[in-house]
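Q: Pasting in a structure now, in structure tokens, and then I'll have a few things to ask.
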Amino acid sequence: MKLMLAIIQEKDASTLQASLNDKKITFTQLPTKGGFLKAKNSTFMIGIDEERVQEVLDIIKESCQARDQYVTPAIELPGSISDTSYPIEVQVGGATVMVLPMDSFYRF
Amino acid sequence: MKLMLAIIQEKDASTLQASLNDKKITFTQLPTKGGFLKAKNSTFMIGIDEERVQEVLDIIKESCQARDQYVTPAIELPGSISDTSYPIEVQVGGATVMVLPMDSFYRF
Amino acid sequence: MKLMLAIIQEKDASTLQASLNDKKITFTQLPTKGGFLKAKNSTFMIGIDEERVQEVLDIIKESCQARDQYVTPAIELPGSISDTSYPIEVQVGGATVMVLPMDSFYRF
Ligand code: NI
Ligand code: NI
Ligand code: NI
């Protein structure tokens, strides 16, 4: 068995929940706060057989991978030369995953 | 030293707290959410000498083991053939415990 | 890579955050509750290269080490022999740090 810890953006949490439930993979979810940006994120703890680690990595990657998104800023950026607000590209999502060894696993 | 992670039902948390305090076993408690049912649960982090792992497992088992309970539903179930509400058996409690190796432990 | 778990007092959390940010060390923060005293504390999860474990230990020690502080009680202690409130010494801070081995680490 391995313990997988996945730190993901809050906004991707429900997608990941649904994908894990689909595959009957149980998880425990912790409310967490990120580093630099202090953004709210979510940490999933998943105890899993080593044979399924790659499968879980694929699910996390598919649900949470960093991607670019266009957003139109509601307010003008300082230094902008016109009144018109243009869409800008921002990165959303992303995941950090740690796989830890486990000595033993019990269910009572 | 080992790190023990015990995921238990919220309703069993105070019993487990009292039992661990009794044995002078320190712990840190994390509010967590379960998988399938999204039920509120609680995760205990316990850093412990390997010689005491079995003792802690016994305490968790005693405080949290899954057991059946009879409850009388407040509302009628669909398809029931009478007005009378009968007690039904439900399972409560239960614990998932993971024991992880630790390289080193410090107290400042 | 190693996973470092640091359980510290809530009141030292912003100092530790600033010190880790200074060194560009990313972390994830979990709201936690302590054992005996049920005091609110904070757990930092830090995934770090083994070469930097000692550096992180030094940062935690500097930000959070247990120290004595004088406080003047607002109310009289039972059994005190006068009206005058004297400053008393109390211990604040302190940290518990666990270093765990890691099999693998991913960023998506
Ligand atoms: Ni295994
Ligand atoms: Ni040991
Ligand atoms: Ni390494």
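Q: If I go through segment A:86-108 residue by residue, how many of them are more than 16 Å from ligand 1 (Cβ to nearest atom), within 18 Å of C:Thr26 (Cα to Cα) and either acidic (Asp, Glu) or surrounded by 15 or more Cβ atoms within 10 Å (Cβ to Cβ) (or both)?
A: Total meeting the criteria: 6.
Q: Between B:Leu57, B:Leu20, which is more than 16 Å from ligand 3 (Cβ to nearest atom) and within 14 Å of chain C (Cβ to nearest Cβ)?
A: B:Leu20
Q: Between A:Gly47, A:Gly34, which is out of contact with any helix residue (DSSP H, G or I) (no Cβ under 8 Å at 6 or more places or on another chain), more than 28 Å from C:Asn21 (Cβ to Cβ) and within 11 Å of another protein chain (Cβ to nearest Cβ)?
A: A:Gly47
Q: Is there any pair with a first residue in segment B:87-104 that is part of a strand (DSSP E or B) and a second that is open to solvent by 70 Å² or more (accessible area, probe 1.4 Å) and within 16 Å of ligand 2 (Cβ to nearest atom) whose Cβ atoms are under 6 Å apart and which are 6 or more apart or on different chains, and what are they?
A: What qualifies is B:Val99/A:Asp103; B:Pro101/A:Asp103.
Q: Pick from A:Lys24, A:Lys11: which is open to solvent by 40 Å² or more (accessible area, probe 1.4 Å) and not in a helix (DSSP H, G or I)?
A: Criteria check complete, one pass: A:Lys24.
Q: Still on this structure, I have one more. Of all residues in segment C:1-20 being aliphatic (A, V, I, L, M) and over 12 Å from the mean Cα position of the chain (by Cα), which is farthest from ligand 2 (Cβ to nearest atom)?
A: C:Ala18
The values are calculated or read from the model by the stated rules, or taken from the named source; none is laboratory data. Keep in mind it's a predicted model, so treat the numbers as computed, not measured. So basically every Cβ, Gly included, is an ideal-geometry build from the backbone, and we count neighbours across all protein chains shown. Side chains included, ligands, DNA and RNA excluded: accessible areas come from the protein's heavy atoms. Shrake-Rupley method; radii C 1.70, N 1.55, O 1.52, S 1.80 Å.
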